[in-house]
Structure formats: structure tokens, C-alpha cells
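For reference, the structure discussed in these notes is given below.
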């Protein structure tokens, strides 16, 4: 799997696929955890649907990155995606930001 990315120093922003579900979750997790940068921001604004496998892949990726002294944070200004993160309480485990700038600054 190859995803669009942007690099800001030692931080990488990965634009998640439109669908993050059982078909793509493992590939997406492998992509996130094998990047050169260990400080990863996942942009969910373009993601239209995700299921429990997709959400679980975000948590598993965060765990793997933290073992390597990295971290995973989320960007989402999409109200529906924010509500899903709230309902599932993933926003208590993953830091969620409204903008790339705020997320990148949080790594400093």
C-alpha cells in the first residue's frame, strides 16, 4: 500500500484512504509502522468510512510506534469522523487535532 504523505522535519503526515476497513486495515497499519519517520500524523479528513478493523489498526500502529520512541496522532476536522472517535472513545487514546499545524507542533 502506498499513501500520499507530507514530511515536516521528522514528522510525517499520512492521508488515510477513503475506506479504512477490514480490506485495508492491515496494509495501512504495516505502511504506518514501516515508515522512516516514527512521528506519524494520520489525516482522516478524506476517509469516508471505517470500521472496527480500521480503528483497531490506528491503535495498534500507535502502540508499535511508541515502542520505537515514536507516536501516532490524528487530524480530523470532519464532524462525522470526530463523532465516531468520540463514541468509540478512541479520542481518549489518540490525540486528535483540527489542523496539520497543531498536530505537527504537538511533537515539539
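Exactly one condition in (1) assigned to a loop (DSSP other than H, G, I, E, B); (2) under 14 Å from the mean Cα position of the chain (by Cα); (3) surrounded by fewer than 19 Cβ atoms within 10 Å (Cβ to Cβ) is not met by residue 47; state its number.
That leaves (3) as the condition not met.
As an exercise: evaluate residue 69 against (1) at negative phi; (2) outside any strand (DSSP E or B) and give the number of the one condition it does not meet.
Going through (1) at negative phi; (2) outside any strand (DSSP E or B) one by one, residue 69 breaks only (1).
Please go through segment 4-21 and give me each residue that is more than 12 Å from the chain's Cα centre (by Cα) and surrounded by 13 or more Cβ atoms within 10 Å (Cβ to Cβ), ordered by number.
Matches in segment 4-21: 6, 8, 11, 19, 21.
For every residue, the table says whether it meets (1) closer than 22 Å to residue 104 by Cβ; (2) in contact (Cβ under 8 Å) with a residue 12 or more places away in the chain; (3) in contact with a strand residue (DSSP E or B) (Cβ under 8 Å, 6 or more places away or on another chain).
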| residue | (1), (2), (3) |
| --- | --- |
| 8 | yes, yes, no |
| 17 | yes, yes, no |
| 25 | no, yes, no |
| 39 | yes, yes, yes |
| 65 | yes, yes, yes |
| 68 | yes, yes, no |
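Kindly provide the set of residues from segment 72-100 that are out of contact with any strand residue (DSSP E or B) (no Cβ under 9 Å at 6 or more places or on another chain), closer than 26 Å to residue 10 by Cα and part of a helix (DSSP H, G or I), ordered by number.
Residue satisfying the conditions is 92 alone.
Determine which single condition residue 41 fails, assuming it passes every other condition in (1) part of a helix (DSSP H, G or I); (2) under 23 Å from residue 9 (Cβ atoms); (3) touching a helix residue (DSSP H, G or I) at 6+ places or on another chain (Cβ under 6 Å).
The one condition residue 41 does not meet is (1).
None of the figures in this text is laboratory data; all of them are computed from the coordinates on show. All values reported here derive from a predicted model rather than from experimental measurement. Counting neighbours? That spans all protein chains shown, and the Cβs are built from the backbone with ideal geometry, glycine included.
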